[in-house]
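What follows is one structure encoded as structure tokens, with my remarks underneath.
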Amino acid sequence: MIRALPAFVVIPLVSAFVLPVFGKKGKSAATLLANLATVALLVLAIASIGKSGVYEVGNWPIRVGIVLVLDGLSSLMLLVISVVSFAAMLFSARYMEQYTAKAKYLSLFMLMVGGMNGVVLSGDIFNLFVFLEIASIASYALVGFGCGNEELEASFKYMVLGSIASIFVLFGVALVYGNTGSLNMAYISKAIQGSGLNAGLGFALALFIVGFGLKAALVPFHAWLPDAHPSAPAPISAMLSGVVIKTLGVYALSRVVFNVFGISIPTGWLLIVLGLLSMVAGAFLAIGQWDLKRLMAYSSISQMGYVVLGIGLGGLIIAGGGNLAWASLAILGGLFHLVNHAVYKSLLFLTSGSVEMSTGTREMRQMGGLAEKMPVTRATCIIASASIAGIPPFSGFWSKLILVVAAIQAHFYWVAAIIVFVSLCTLIMYLKVQRYVFLGELPENLQQTKENKNSMLVAMIFLACLCVLMGLLVLVPSLKQSILDPAVQVLMDGVKYSATVMKM
Amino acid sequence: MAVFYILLLFMIIAAIIAVETSDLLSSVICVGAIGFGGSLMFLFLRAPDIAITQIVVEVLGLIILLRATISRDLTFITGDREFFGTVVSVVIILVICLAGIKVVETLPDFGSAIFTKVPEAASQTYISEGLAKTGAANLVASVILDFRAYDTLGEATVLFTSIIGATVILRKKAKKMVEDPDE
Amino acid sequence: MKGMTVVVKTIASWVKVLIFLFGIYIIIFGHLTPGGGFAGGVILASSYVLLMLAFGREFVEENLPLPLASKLDCVGAFLFALIAVLGLVLGGSFFVNFLYQKYLPGQALNLISAGTIPLSNIAIGLKVGASLFLVILSLSMFKPDLSGTEKDSSFVVNTTEKE
Amino acid sequence: MPYALCFLLFMIGLYCAVVKKNMVKIVIGIMVMEYAVNLFLIMLGYRTGGTAPIVDKTYLESGTGQIAASFINTSVDPLPQALVLTAIVISLGSLALMISICTRTYGKYGTFDITEIRRLKG
């Protein structure tokens with residue numbers, strides 16, 4: 001398996017290099033090729049579960065060359081990326097027929113996937129920056145894909161903030177190199193453990209937190225997300241909300257904070273505060289929205305808050321020398337919420353795309369009564385809404401429950417109260433979606449609305465089934481041990497990462 | 001040493017002019033000056049590869065920037081965003097600047113490369129064994145195309161991505177008329 | 001864009017050849033002297049940009065049409081990835097310099113040395129040159145029409161849709 | 001001290017990108033930040049009185065073909081140079097995309113002023 005690690009990057013990149021050569025005529029062949037690539041990635045990601053190891057690119061030893069590192073956390077992220085990209089690609093096969101330049105769209109899509117896989121696998125901090133840029137630049141272009149006024153403006157805003165974030169990350173890399181003389185994350189971590197955190201490294205850590213926080217759209221840095229995510233075509237919104245902010249933001253942040261610099265009490269508190277701010281502000285802003293996709297985008301900010309809160313809470317307990325079982329529960333809650341959110345938020349964006357394609361609008365006040373006209377979309381949307389609001393049998397309930405239990409165990413009662421409160425807000429906003437989109441009077445101009453067909457429905461039903469079944473990931477011990485526990489362990493181990501990587 | 005200070009001051013002055021002038025064209029030309037200063041600086045820092053790349057990239061980047069500004073209705077957009085926002089950002093930037101002074105002290109002195117102080121730095125291997133292990137006399141080439149070739153794949157891909165992105169953004173018509181492909 | 005005067009055109013057509021050759025030199029000797037694929041590729045692109053400035057866009061488009069440049073771009077990127085994958089197949093790991101280590105060690109400081117590094121330089125030079133040419137051509141084909149704030153952007157020139 | 005000046009250059013770029021309201025000015029600010037970071041990286045690898053990291057015949061010991069100690073002891077760090085080469089090309093790519101977005105937006109609105117363009121709600 002370890003020998004096949006470059007395939008995670010090579011398959012998407014090579015298919016992206018080949019795809020633009022298909023012009024208008026080879027459109028269906030290009031679509032088929034892109035779908036095959038995502039299926040292959042999905043198979044590889046499933047095969048990589050439970051494996052771990054280091055791949056030395058070019059046979060250079062870890063000190064000299066670049067290494068790809070597969071551990072629990074990266075295989076979890078690979079799985080999430082490939083599941084969501086598989087569904088989004090299936091959905092776009094038909095959805096993107098309304099746009100021109102489909103071959104280029106597919107190419108950019110594959111580049112985005114390749115960039116994210118590269119970020120997840122990289123064991124070298126500069127390499128992480130390079131692949132971060134691939135994924136970000138592809139997503140800037142995809143946000144502006146519609147070329148309308150709104151799209152261009154959102155794309156520009158996203159691009160400016162994203163570029164500033166990238167430069168911050170690059171500056172952080174430069175400072176780290178200036179202080180430790182090394183770029184490999186394991187060696188940097190070792191050097192930091194030896195020398196302790198001086199002002200330069202502390203500043204570099206601050207730059208990393210701001211940079212990755214901008215990519216993750218945590219609250220003080222969230223300005224671009226409510227514009228960018230709704231403006232993109234629906235499958236891209238699903239990718240952006242579902243995986244891009246998680247991979248480029250939360251994954252990179254937790255990798256750097258936990259494994260490279262080592263978690264400390266101030267950074268733990270910082271993550272908790274960022275998480276709480278995002279949760280509360282995102283939820284309040286979302287309730288007031290009337291644009292379907294914009295509401296979902298704000299709710300993404302709020303849900304990312306849960307993830308960062310869980311991870312930060314766990315980090316705080318570890319750094320404070322508390323009970324490690326509580327810490328691992330909090331981190332498990334955060335990571336499990338990350339997986340859940342990837343699935344149901346991408347499903348929600350796909351349903352919004354389906355609604356938009358059929359009705360031609362995103363304004364909720366102009367919709368209504370679509371329940372009869374679009375039964376499948378409606379059913380999947382209900383499942384996703386129930387999940388995100390935390391209704392018991394569905395996936396979102398379990399992750400929120402774990403977070404609440406972890407917060408209570410660690411005596412953060414007010415945090416638990418906020419989690420429950422924000423969950424109620426989430427319930428309200430998705431009841432609003434159900435009420436205005438699917439129930440009520442069917443407006444005159446929407447009488448002709450039809451349900452979408454084929455691949456779009458398959459993609460939505462696939463994700464809906466996952467939403468229902470996802471609870472099994474924590475309820476069935478063997479699944480939990482093979483998928484979630486290794487990922488939690490990576491963050492729990494913290495700076496032991498460097499010793500682990502050097503030994504592998 | 002003095003040449004570095006002169007060039008850096010030149011770049012900073014050019015940057016201030018580029019930021020503050022109200023004429024967009026002069027601003028773009030000042031960016032060219034910064035890039036030129038940077039290229040000379042790279043040359044004096046013993047990085048001829050970077051100097052060549054910087055100067056040619058500068059030329060093309062300038063053409064791209066000029067393409068965006070020339071023959072446009074260059075309404076002079078003076079002034080900044082709202083006053084309050086400006087003050088807040090300036091204060092934040094000043095705070096970062098003060099922090100930066102602390103940060104700079106932690107770095108090794110200018111002119112004593114960091115890799116000489118780290119016992120297991122990769123750069124020492126590159127210098128002493130690069131030629132024997134890769135056969136390239138230009139050690140920078142041996143690093144970017146052999147030791148760290150994976151980075152270069154990423155870099156070529158970034159360029160590819162942005163060019164595809166640019167052609168996508170500049171394409172003629174974005175949306176087709178809505179039609180049902182099944183019928 | 002009819003181009004400039006005949007003096008400029010004559011000089012440009014000569015200088016263009018020189019710049020082009022210089023770009024090729026920079027690429028091919030990238031592993032021995034400063035330079036390499038990126039710098040050389042940018043120089044190749046700038047020779048065409050000079051031609052474009054002197055002769056006008058249409059002339060350059062006849063020489064190197066957009067779809068061809070777009071394909072060259074893809075081919076360059078693909079070749080570089082191919083070298084990497086060949087390293088996996090022939091050398092046992094991704095990006096192994098298999099030519100140098102196994103088949104063609106060459107003598108240090110010679111033109112033919114360093115295995116795959118010159119080949120990678122050529123692939124990257126091709127890719128960078130084609131892609132930068134592409135972006136400058138696309139930008140110069142874009143003609144904004146300031147007559148109104150129309151929704152349908154009919155003024156935007158078709159880039160590579162024709163292919 | 002040169003590091004501090006470099007840091008100042010970075011801050012000028014950040015100021016420009018955050019405060020200005022002209023789209024091209026924002027792009028210029030980002031470019032200035034990139035120059036500063038590139039310069040900073042190269043400075044980290046500089047040795048006083050160093051040589052460029054390119055081996056030529058004078059640095060090869062005759063007979064053995066080994067690299068002379070005079071090269072090993074004076075060569076500047078090739079690693080930051082490789083990183084900066086990558087970073088320059090990345091910044092060129094993002095510049096091209098940003099300028100395309102600016103040009104296209106200009107075609108729609110006839111201005112580069114972001115306060116006039118802003119159509120989206122906060």
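FYI, it's all coordinate maths here, none of it is from the lab. Every value quoted in this text rests on a predicted model; they were computed, and no experiment measured them. Because the Cβ atoms are built from the backbone with ideal geometry, glycine has one as well, and the counts that use them run over all protein chains shown.
Worth a mention:
- Degrees separating the helix A:395-409 axis from the principal Cα axis of chain A, which is the longest one: 40 degrees
- 3J(HN,Hα) couplings calculated from phi for the stretch A:179-184 with the Karplus curve 6.51 cos²θ - 1.76 cosθ + 1.60 (θ = phi - 60°) are, in sequence order, 9, 10, x, 8, 10, 6 Hz; Gly and Pro show x.
- Gyration tensor (alpha-carbon) shape descriptor, the stretch C:6-141, a/c threshold 1.5: oblate
- GNM result for chain B, Cα springs below 10 Å: residue of B:Val168, B:Val87, B:Val143 fluctuating most strongly: B:Val168
- For chain A, the relative contact order is 17 percent, taking Cα pairs closer than 8 Å that sit 6 or more residues apart in sequence and dividing their mean separation by the residue count.
- Listed values for the stretch A:253-259 are Karplus-derived 3J(HN,Hα) couplings in whole Hz (6.51 cos²θ - 1.76 cosθ + 1.60, θ = phi - 60°), namely 4, 6, 4, 6, 5, 7, 8, and x replaces Gly and Pro.
- Efficiency of FRET from Cβ geometry, C:Ile11 and D:Thr48, R₀ 41 Å, rounded to 0.05: 0.40
- Taking the Cα centre of the protein assembly as shown as reference, the dipole from Cβ charges on Lys and Arg (+1) and Asp and Glu (-1) amounts to some 860 debye.
- Gaussian network model of chain D, Cα within-10 Å springs - most flexible of D:Val27, D:Val76, D:Val55: D:Val55
- With θ taken as phi - 60° and the Karplus curve 6.51 cos²θ - 1.76 cosθ + 1.60 applied, the whole-hertz 3J(HN,Hα) list for the stretch A:58-74 is x, 6, 7, x, 4, 6, 9, x, 9, 10, 9, 10, 10, 9, x, 5, 5 Hz, x standing for glycine and proline.
- In this label model, C:Glu58 and A:Val405 are separated by 7.5 nm, measuring between points 7 Å along each Cα→Cβ vector.
- Nonlocal amide H pairs with A:Tyr99, under 5 Å, H built at 1.01 Å: B:Lys176
- Inter-part distance where the stretch D:51-90 and the stretch D:1-26 are each reduced to a Cα centre, Å: 33 Å
- Whether the stretch B:1-71 is rounded, prolate or oblate, judged on the alpha carbon gyration tensor where a/c under 1.5 counts as rounded: oblate
- Mean residue ellipticity (222 nm) of chain B, computed from DSSP H runs ≥ 4 via -39,500 (n - 2.57), nearest 500: -23000 deg cm²/dmol
- Built amide H within the under 5 Å cut-off of D:Arg47, gap 5+: D:Asp77
- Contact order relative to length of the stretch A:114-163, as percent, for alpha carbon pairs under 8 angstrom and 6 or more apart: 27 percent
- Shielding by other protein chains, C:115-126, mean Cβ within 10 Å: 4
- Distance between the 7 Å Cα→Cβ label points at D:Gln66 and B:Ala99: 4.8 nm.
- Cα gyration tensor category, rounded, prolate or oblate, for chain B with a/c compared to 1.5: oblate
- Length-normalised contact order of the stretch B:1-71 in % [C-alpha pairs under 8 Å, at least 6 apart]: 30 percent
- Peptide-level mean, for B:28-39, of C-beta atoms on other protein chains within 10 Å: 3
- Among A:Met296, A:Met185, C:Met4, sorting on how many other beta-carbon atoms sit within 10 Å of each Cβ, with the fewest leading, yields C:Met4, A:Met185, A:Met296.
- As a proxy for reagent exposure, ranking A:Ile263, A:Ile49 by other Cβ atoms within 10 Å from fewest up yields A:Ile49, A:Ile263.
- Among C:Leu68, A:Leu170, D:Leu44, a tally of other beta-carbon atoms within 10 Å of each Cβ gives an order, fewest to most, of C:Leu68, D:Leu44, A:Leu170.
- Exercise: per-residue mean of other protein chain Cβ atoms within 10 Å, C:85-94: 5
- Gaussian network model of chain B, Cα within-10 Å springs - most flexible of B:Lys133, B:Lys173, B:Lys117: B:Lys173
- Placing pseudo-labels 7 Å out from each Cα toward the beta carbon at A:Ala29 and A:Glu451 gives an inter-label distance of 3.5 nm.
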